[in-house]
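The values are calculated or read from the model by the stated rules, or taken from the named source; none is laboratory data. Predicted model only: the values in this text are computed from it and were never measured. When we count neighbours, we look across all protein chains shown, and the Cβ atoms used for this are built from the backbone with ideal geometry, even at glycine.
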Amino acid sequence: MEFIADILLAAGALGAAAYCLVLARRLRQFNQLENGMGGAIAVLSAQVDDMTKALQQAQATAASSARQLDALTARAESGAQKLELLLASLHDLPPGDAEGRRPRVLRRRARSDMAEYAE
């Protein structure tokens, strides 16, 4: 009975050794840099680095464009406010006559100017 147990134990050890050899060969092929999975991993790693650099450059460009757009938007809003003020002041002008002449606008001088002329 012990002899049969020893034979089964030896067969199990030989099976485990054969399994380890097969796994070692597969792992060696997997890690080869030229044509195995190791090469593919190295190429993918380099591509990830390149993509990271491109992403950082794109983010910097987008941030710069956003700053420029904010500045231009602020200028446009300022110009729009000035145009609104000019349009509002045009509504205060009297309407032109039927002959198409431009309305005449009279300006008053400040009172301090009038005092100088009175002297």
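Test of understanding: among ASP49, ASP92, which residue is out of contact with any His (no Cβ under 7 Å at 6 or more places or on another chain) and modelled with pLDDT under 95? One residue alone meets the criteria, ASP92.
Tell me yes or no: at least one residue of region 1-10 is exposed (fewer than 10 other Cβ atoms within 10 Å of the Cβ) and under 60 Å from the mean Cα position of the chain (by Cα). Scanning region 1-10, I find no residue that is exposed (fewer than 10 other Cβ atoms within 10 Å of the Cβ) and under 60 Å from the mean Cα position of the chain (by Cα), so the answer is no.
Hey, any hits in region 25-37 for a residue that's free of Cβ contacts under 8 Å to residues at least 24 places away in the same chain and under 34 Å from the mean Cα position of the chain (by Cα)?
yes
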